[in-house]
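Report on the structure given below.
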Amino acid sequence: MNMPVIKNTPKKPAAKEAARAWQRMLSGRRLDLLDPSPLDVEIEDIAHGLARVARWNGQTIGDHAFSVAQHSLLVEDIAGRIDAAAGTDLRLAALFHDAPEYVIGDMISPFKAVIGDNYKEVEARLQEAIHVRLGLPAKIPATWKTAIKKADKIAAFLEATQLAGFGREDAEKFFGRPGKIGGAQLEKLFSLAPMATHDAQAKFLKRAAMLGISPANGAQAKEGVK
């Protein structure tokens, strides 16, 4: 009697669980990094995160890191000094220009050059969700981008020379000359000192409120802000 041959059927490998692509925030929100919703963007989460992310990989003088929150305040201030007629929406966009870094951190330029442009798509999606949360266009006008980029480079020059150990020649090579406002050299208008985390967070939230954004209500009327 011939016995049936029993073949061992190999088991199918278990489906690999998708990698987690969201972050739990202290507010309780769960922010999807691949498809971020403006409804999951909380101003307090942004302020909390940015106040704890160090510029220059923490390689700055002082007892505290120079945070992205403080950098953002500086960029918004410079943008307003360069163009006194700048609208509140532009200044709000300047204040939140690095807001995605509350999730992805501040990657220094040399590291960005190493990893290429892969991070940019995630960063752009986050930025658009944040803009909508603030009541701004998801994609801000090119003129705003230009103004913010100019202020950002000036801020980088000031931080580089005052905090990060750059000589003026190197700083001008990488960030350009900061220029003048009303005949005064920009670098003489600012004396930078890193703030404690709590202070940077509080000042960021205060400035956002002055520009019409509060943690509770999000985008509000933004008229007459100085």
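The values are calculated or read from the model by the stated rules, or taken from the named source; none is laboratory data. Remember, it's a predicted structure, so these values are computed and weren't measured experimentally. Heads up, the Cβs are rebuilt from the backbone with ideal geometry, glycines too, and the neighbour counts pull from every protein chain shown. Just so you know, the surface numbers come from the protein's heavy atoms only, side chains and all, with ligands and any DNA or RNA stripped out. Shrake-Rupley method; radii C 1.70, N 1.55, O 1.52, S 1.80 Å.
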Ratio of Rg to Rh over the range 40-98 (Cα coordinates, Kirkwood Rh, two decimals): 1.04
For Val53, what residues show an amide H to amide H distance below 5 Å, using hydrogens built from the backbone and excluding near sequence neighbours? Val68, Ala69
In whole Hz, with x marking every Gly and Pro, tabulate ³J(HN,Hα) for the range 122-132 from phi via Karplus 6.51 cos²θ - 1.76 cosθ + 1.60, θ = phi - 60°. 5, 4, 5, 5, 4, 4, 5, 5, 5, 4, 4
Kirkwood Rh over alpha-carbon pairs of the range 137-220, then Stokes-Einstein at 10 °C and 1.306 mPa s: what D in µm² s⁻¹, rounded to an integer? 105 µm²/s
Can you run phi through the Karplus equation (6.51, -1.76, 1.60; θ = phi - 60°) for the range 185-201 and list ³J(HN,Hα) in whole Hz, with x for Gly and Pro? 5, 4, 5, 8, 8, 10, 10, 8, 9, x, 8, 5, 3, 4, 5, 4, 5
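So for Met25, Met195, Met210, what's the accessible-area order with a 1.4 Å probe, most first?
Values: Met25 20, Met195 50, Met210 95 Å².
Largest accessible area first, the list is Met210, Met195, Met25.
Provide the gained length on full extension for the span Arg52 to Lys120, in nm with one decimal, where the gain is 0.36 nm per separating residue minus the Cα-Cα distance. Provide the component values of the computation, followed by the final result.
Numbers: separation 68, 0.36 × 68 = 24.48 nm, distance 2.15 nm.
Between Arg52 and Lys120, full extension yields an extra 22.3 nm.
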What spacing in nm lies between the two simple spin-label points modelled at Thr146 and Leu189, each 7 Å away from Cα in the Cβ direction? 1.9 nm
Quick check: with the 1.4 Å probe, what order do Leu50, Leu34, Leu189 take by accessible area, largest first? Leu34, Leu189, Leu50
Relative packing of 147-153, 118-124, which averages over residues the other C-beta atoms within 10 Å, highest first: 147-153, 118-124
Using a Förster distance of 45 Å, the FRET efficiency for Gln59-Ala85 (Cβ separation, nearest 0.05): 0.80
For Leu192, residues with placed amide H under 5 Å, excluding near neighbours: none
Sorted by accessible area (1.4 Å probe), largest first, how do Asp106, Asp170 line up? Asp170, Asp106
Mind checking which aspartates and glutamates have their Cα closer than 17 Å to the Cα of Lys173? Skip sequence neighbours fewer than 8 apart in that chain. Asp152, Glu159, Glu187
